[in-house]
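The values are calculated or read from the model by the stated rules, or taken from the named source; none is laboratory data. All values reported here derive from a predicted model rather than from experimental measurement. Note that we place each Cβ from the backbone using ideal geometry, even for glycine, and neighbour counts take in every protein chain shown. SASA here: full protein model, heavy atoms, side chains in, ligands and nucleic acids out. Shrake-Rupley method; radii C 1.70, N 1.55, O 1.52, S 1.80 Å.
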Amino acid sequence: MPEYFFIGIDGGASSCRARLRDMEGNLLGEGCSGPANIYLDLDLAKESVRAASRAAIRAAGFEEGIFHRAHAGFGLAGAGLKSACEQLRAGLSSFVSTLVATDAYIAWLGAHQGGDGGIVILGTGSCGLAIVDGRRIEVGGWGAEISDEAGGQRMGREALRRTLWTFDGRAERTKLSELILSRYRRDPAKIVSFAASATPAQYAELAPLIFEYASHNDPLAVELVQEAAEAAVRMIDRLIAGGASAISLIGGLAEPLAPWLPSRLRSFLSAPQSDSLDGAILMARQAVQSSPEARETQRSSAA
């Protein structure tokens, strides 16, 4: 068993993923669990991080007690809140070292390996980040209540809202709106009841259906996808204006939404060099390598 490990965590409103690598970078195991947005539910995020970490460790064939041998890098939605990050670290103190950043930062780090460039996350939520010549440009990511216009949660919520419009005659019915109504037994009260407690992930579950119906030119679905694409374009344009010449689209909606983006952006879009989990591991690795202890070890080895 290696003496130390790196564990990377990528947590958002729908799920949390973990990846375990040894000090040489070899993949040891991966795991996943539930939502890990520390702004929406800090306690749930803590448990999801623990569960995903345990799953990765089990997949590697190790005992759960090896947490104290792992340098951890966390990239979590909601991590822009300093107080929540401090509480998270306090509740996950079993790791030998812990760094917490936003999910956007680890996505950027994985995509560009620390070099200039930008990312736009298109998942349950949406946001953008670019770092160019040390300058940081951030767009969106303020939460679904007032932001995240290109995310799956917003698409699902708007699909339900506009389905109600069709029910009471404010908009024309479409195949998509009729299907959604049928799922709720054509009872608007059931939609209202669902919305009263729906999680971001539950709203986002409608996104694949919306894209499917948009491919068949359903007017409601097309409208929703076009609006999400327009929101993504505004984020991409802001990052380009900030100097980012290479932008990677990240997240579950990146692939289905890409064909809806204007052709003028294609020269700026680039595939990520690696994913967010490896970005989280790289963040932890960089911190360890820059520590005084690591520098002393390197000098001793070279002597």
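Considering each residue of the stretch 223-240 in turn, none proves to be over 22 Å from the mean Cα position of the chain (by Cα) and not acidic (Asp, Glu).
Restricting Ala56, Ala51, Ala45 to those that are under 26 Å from Ala201 (Cβ atoms), touching a Leu at 6+ places or on another chain (Cβ under 6 Å) and part of a helix (DSSP H, G or I) reduces the list to Ala56. Being within 22 Å of the chain's Cα centre (by Cα), surrounded by fewer than 20 Cβ atoms within 10 Å (Cβ to Cβ) and farther than 17 Å from Leu257 by Cβ: is that true of Ile131 here? Taking the combined requirement at face value, the residue does not satisfy it.
Restricting attention to the stretch 14-34, the residues that are farther than 21 Å from Leu99 by Cβ and touching a residue at least 24 places away in the same chain (Cβ under 8 Å) add up to 1. For first residues located in the stretch 163-189 and under 14 Å from Ile210 (Cβ atoms) and in contact (Cβ under 8 Å) with a residue 12 or more places away in the chain, partners that are assigned to a loop (DSSP other than H, G, I, E, B) and open to solvent by less than 90 Å² (accessible area, probe 1.4 Å) and lie 6+ apart or on another chain with Cβ distances below 6 Å form the pairs Thr174/Asp218; Lys175/Asp218; Leu176/Asp218.
Right, Gln153: open to solvent by 50 Å² or more (accessible area, probe 1.4 Å), polar (S, T, N, Q) and at pLDDT 95 or above or not? So Gln153 does not fit the description; no. Taken together, the residues in the stretch 85-103 that are open to solvent by 10 Å² or more (accessible area, probe 1.4 Å), aliphatic (A, V, I, L, M) and assigned to a helix (DSSP H, G or I) amount to 1. Screening Pro200, Pro208 for residues that are of a type outside the set (Phe, Trp, Tyr) and open to solvent by 30 Å² or more (accessible area, probe 1.4 Å) leaves exactly one candidate, Pro208. Beta carbons closer than 6 Å, at least 6 apart along the sequence or on distinct chains, pair a first residue in the stretch 135-148 that is farther than 11 Å from Leu239 by Cβ with a second that is in a loop (DSSP other than H, G, I, E, B) and at pLDDT below 95 for Asp148/Gly125.
For the stretch 233-256, the set of residues classified as of a type in the set (Gly, Ala, Ser) and crowded, with 17+ Cβ neighbours inside 10 Å consists of Gly242, Ala244, Ala246, Ser248, Gly251, Gly252, Ala254, listed by residue number. Is it fair to say Ala70 is touching a Phe, Trp or Tyr at 6+ places or on another chain (Cβ under 7 Å) and of a type in the set (A, V, I, L, M)? Spelling it out, Ala70 is indeed touching a Phe, Trp or Tyr at 6+ places or on another chain (Cβ under 7 Å) and of a type in the set (A, V, I, L, M). Among the residues of the stretch 156-187, just one is surrounded by 14 or more Cβ atoms within 10 Å (Cβ to Cβ), among the charged types (D, E, K, R) and outside any helix (DSSP H, G or I), namely Arg173.
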